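Asks: The following block contains the structure, expressed as structure tokens.
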Amino acid sequence: MYCSLFLSLLLALLFCSSFSSAFVMPRQASNARAASVLYSDGANPPPFANWGQPTAPPALPPPAAAAAASVAPPPAQTPAVSMTCNDAIAVLHASQTQIVDKIAASIPDLAVKPDFCWNGDEETKIAGVQATLDARDAPGPANIAWLASIHIPNKLSSLTIFNGPLTNVPHLLSRVAVAVDDSPTSRLELALDFRPRAYGAYELINPQDGTYPGPETLGRQAFEYSGNRKDYETHFVNNEVQAFLKTIVDSLDGAVLVNDVVATATLPQEELLTRGPHCLHVSMPLNDANIAAVEKARTQAANYWLSWVLDQSHNHRPGAPVNTQYVYDTKFKINAYGALLPVYTKLFGQADGAKLTAAESGPLDEAYVGGG
């Protein structure tokens with residue numbers, strides 16, 4: 001009896017164990033199949049211990065602002081270059097011609113000097129190119145000792161005006177030259193200056209602080225030179241004109257000052273004795289914007305000069321002041337010739353440079369006293 005009871009109990013245990021195995025194993029297999037489908041893209045499933053537990057949320061894409069911040073800014077636009085060197089000089093010469101025409105209309109006595117003009121013939125070639133020179137003067141009350149408007153295609157547009165001794169109005173220098181051959185990398189050089197009519201010891205300036213030697217160095221003449229500098233900046237190149245010259249540099253693309261402290265130290269003595277304290281000499285790439293800015297600057301500079309010339313308050317009193325001015329101007333013109341010669345020699349060679357310098361400088365020994 002006991003044996004039968006033990007056997008029945010053993011059979012019952014075996015049946016329950018088989019039933020439990022049949023129920024649990026398919027569920028585990030089902031979980032494995034689900035995992036294989038969920039990660040069929042090749043990603044590694046999380047560790048077994050993490051199944052059924054919360055996991056880190058998937059990474060979200062960065063906000064639009066952050067994405068935009070990571071994008072590099074667009075490259076700066078290169079200034080348009082549609083003109084060749086020849087085109088640029090032609091535009092500037094046309095503008096220069098209009099300036100001369102305006103001066104002639106405002107000063108009717110300004111007359112052409114045929115013996116000094118160049119009309120583009122064979123004898124007036126510079127560097128193999130036919131050059132033109134419009135030479136004029138207006139002696140007497142009109143008081144223009146010399147005007148030279150020069151055009152060399154592909155290379156130069158230059159306007160030089162020397163005033164007569166009846167006034168102390170600054171001389172005008174307005175020159176644009178092409179420094180290199182015609183290419184997208186060509187550069188223009190602009191020289192613009194209102195040249196003083198009285199000695200101000202400008203070449204003795206301390207470049208570090210802008211001061212000039214005082215009476216302890218120059219004696220009583222220091223006061224005379226200081227007075228000349230004050231007159232120049234009070235009546236002519238005042239704060240307005242100085243600001244105008246500064247805006248020229250600011251308006252130019254890629255401008256590089258040629259007359260910085262280092263360059264000034266190497267200039268010829270003649271240049272140091274003739275240039276104004278606010279002389280502008282700047283190099284820039286040849287592009288459309290710079291050509292337009294240079295044209296505008298030269299026109300405004302000529303307008304300043306013309307307004308001074310037409311203002312009779314700048315006239316000297318008759319007598320000694322006129323004679324003193326004449327003596328100073330005679331020496332000045334010789335020095336101006338010496339300052340210009342190396343500029344044109346560099347551009348056109350020794351022979352043509354000397355030829356052009358003499359033509360632009362005009363008669364150095366002309367006994368012009370004015371009056372009448």
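The values are calculated or read from the model by the stated rules, or taken from the named source; none is laboratory data. As the structure is a prediction and not an experimental result, all values here were calculated from the model. As a convention, Cβ positions derive from the backbone with ideal geometry for all residues, glycine included, and neighbour counts pool all protein chains shown. For the accessible areas, the whole protein counts, side chains as well, though only heavy atoms, and no ligand, DNA or RNA atoms are used. Shrake-Rupley method; radii C 1.70, N 1.55, O 1.52, S 1.80 Å.
Asks: Give me the pairs: first residue in the stretch 330-346 and of a type in the set (D, E, K, R), second residue modelled with pLDDT of 95 or more and part of a helix (DSSP H, G or I), beta-carbon distance under 8 Å, and six or more apart or on different chains, which are they?
Replies: What qualifies is 333/361; 346/353.
Asks: What are the residues in the stretch 211-254 that are more than 20 Å from residue 273 (Cα to Cα), in contact with a strand residue (DSSP E or B) (Cβ under 9 Å, 6 or more places away or on another chain) and part of a loop (DSSP other than H, G, I, E, B), if any?
Replies: Across the stretch 211-254, the qualifying residues are 252, 253, 254.
Asks: Please determine, by comparing only the residues of the stretch 99-125 that are assigned to a helix (DSSP H, G or I) and closer than 17 Å to residue 175 by Cβ, which one is most open to solvent (accessible area, probe 1.4 Å).
Replies: If we take residues in the stretch 99-125 being assigned to a helix (DSSP H, G or I) and closer than 17 Å to residue 175 by Cβ, then 99 is most open to solvent (accessible area, probe 1.4 Å).
Asks: Give the residue, chosen from 253, 288, 311, that is modelled with pLDDT of 95 or more and in contact with a helix residue (DSSP H, G or I) (Cβ under 8 Å, 6 or more places away or on another chain).
Replies: Result of the check over 253, 288, 311: 253.
Asks: Would you confirm, using the coordinates I've provided, whether residue 169 is open to solvent by 40 Å² or more (accessible area, probe 1.4 Å), over 19 Å from residue 282 (Cα atoms) and of a type in the set (Val, Ile, Thr)?
Replies: Details: open to solvent by 40 Å² or more (accessible area, probe 1.4 Å): no; over 19 Å from residue 282 (Cα atoms): yes; of a type in the set (Val, Ile, Thr): yes.
The answer is no for residue 169.
Asks: For the structure I just gave you, tell me whether residue 158 is crowded, with 21+ Cβ neighbours inside 10 Å, more than 30 Å from residue 230 (Cβ to Cβ) and among the hydroxyl-bearing types (Ser, Thr, Tyr).
Replies: yes
Asks: While we're looking at this one, here's another question. Which residues, taken from the stretch 344-365, are among the hydrophobic types (A, V, I, L, M, F, W, C) and touching a helix residue (DSSP H, G or I) at 6+ places or on another chain (Cβ under 8 Å)?
Replies: Within the stretch 344-365, 347, 348, 354, 356, 358, 359, 364 meet the criteria.
Asks: Considering only the stretch 264-372, give the helices (runs of 4 or more DSSP H) lying wholly within it that have at least 3 residues that are buried (at least 16 other Cβ atoms within 10 Å of the Cβ) and hydroxyl-bearing (Ser, Thr, Tyr).
Replies: Counting at least 3 such residues, we get 320-348.
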